[in-house]
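Input: a single structure, listed below in structure tokens.
The values are calculated or read from the model by the stated rules, or taken from the named source; none is laboratory data. All figures in this text were calculated on a predicted structure; none of them were measured in a lab. Cβ atoms come from the backbone with ideal geometry, glycine included; neighbour counts cover every protein chain shown.
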Amino acid sequence: MASVISALAVVFLHVNGCFWQFSSTGRYWITANMIECVFYFAVPVFFMISGAMLIDFNKKYSLREYFTKRINKTLIPYIVWSFLGLAFQIWYLQSVLPSNVNITYILNGLLNGNLVNVYWFFIPLFCAYLTIPLFALIPTEKRKDIFTYIVVLGFIINVAVPFLNNVFNIGLSYSISLGVVSNLLFYTLVGYLLHNYEISKQKRYFLYLFAVIGLIMHFAGTYYASMAAGEISYLYKGYANLPAVLYSVGIFTFIKYDLNKIMGNLKVNNLVNFLRNYTFGIYLIHWYVLRIIVKVFSLNTKSIIYRISAPFLIFGVCVLIIHLLRKIPLMKKILP
């Protein structure tokens, strides 16, 4: 269920792109800020899923098979859809000039994940894939203690101290970072711990409380700091920032322990089991569907009706397109 919710959240974030068009007077930006904050968990949860599912890979297959699967399921689709996205921007959107495209442009785009700007997350994802075999070498019986130690230390050094230093303008010249769990890598170990070790109800409720606090900090902090600056403030934003960490960890925990109970309906479970086979494909193609729909129908992308309803439409259209394209043998390799 986490992968389905995460994929839908990604679509919500990109449909809500008007968030990045800051306005201190436009009413749309308040709701855009709320939608942005509510669905901000999408990428962190995706990385937590990766950690939860992949760190135990050596119990199922060899290191060579691990990398073969990662290459076939993510690297090849990333490269192919990046080139398709470049062509799409040149000839359909006409947002890229052919004269600007050369080998350097392409290589930079692939290495930085910005031939298609929404593919940026592939680069930290590939870094996570390269790091996971190192985590997998730690004996299973020692992982809980070692991973907990790394996560707690990473939270203090990489998340809490920089946040407090920046928000309260303490003025520390702070450059310390625990590289092994820097940025989104932090979430891979958190996902493994949350997935594999039971959390008591009391601890879960604390995580939910912190998640609410994180959401409020992200929304209110971004609103007031941006209004004061006259532009979008990044003080409370960032996936490795305290508000996002508190909120995302709480969301992942809630999905695992309590959402299944709330949505414990057979039809819902069957739908989720069906949709989770399409989630990675949705990450790959939803941007194309979004851009085509907006251009063809000349939609007002600041409309709240559009921003709330379009994600479900785009999600459904993507599932249909993927289902049809997978009937073509070659397409199965680029839409795994």
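Observations on the structure shown:
- Filtering region 135-159 to residues that are of a type in the set (Val, Ile, Thr) and closer than 21 Å to LEU184 by Cβ leaves ILE138, ILE146, THR148, ILE150, VAL151, VAL152, ILE156, ILE157, VAL159.
- Filter pass, LEU111 being within 25 Å of VAL180 (Cα to Cα) and more than 22 Å from the chain's Cα centre (by Cα): no
- Pairs meeting the criteria (first residue in region 48-72 and charged (D, E, K, R), second residue part of a helix (DSSP H, G or I) and surrounded by 15 or more Cβ atoms within 10 Å (Cβ to Cβ), beta carbons under 6 Å, at least 6 apart or on different chains) are ARG70/TYR129.
- Pairs with Cβ under 7 Å, 6+ apart, first in region 221-237 and without any contact (Cβ under 8 Å) to a residue 60 or more places away in the chain and over 10 Å from PHE22 (Cα atoms), second of a type outside the set (Asp, Glu) and not in a helix (DSSP H, G or I): GLY221/LEU235; GLY221/TYR236; ALA225/SER233; ALA225/LEU235; ALA225/TYR236
- Near pairs, Cβ below 8 angstrom, 6+ apart or cross-chain, from region 200-218 (within 20 Å of THR31 (Cβ to Cβ)) to any residue that is among the hydroxyl-bearing types (Ser, Thr, Tyr) and not in a helix (DSSP H, G or I): MET217/TYR236; HIS218/TYR40; HIS218/TYR236
- Region 174-199, residues that are at pLDDT 90 or above, over 16 Å from PHE252 (Cβ atoms) and hydroxyl-bearing (Ser, Thr, Tyr): SER182
- When the helices (runs of 4 or more DSSP H) confined to region 227-307 are screened for residues that are loosely packed, with under 15 Cβ neighbours inside 10 Å and of a type in the set (Lys, Arg), those reaching at least 1 such residues are found at 266-275, 279-297.
- You will find that of PHE219, PHE186, PHE206, the residue that is under 20 Å from the mean Cα position of the chain (by Cα), assigned to a helix (DSSP H, G or I) and more than 20 Å from ASN158 (Cβ to Cβ) is PHE219 and no other.
- Count of region 13-38 residues which are crowded, with 22+ Cβ neighbours inside 10 Å and closer than 25 Å to ALA128 by Cβ: 2
- Of the residues making up region 313-331, those that are within 23 Å of the chain's Cα centre (by Cα) and without any contact (Cβ under 8 Å) to a residue 40 or more places away in the chain number 5.
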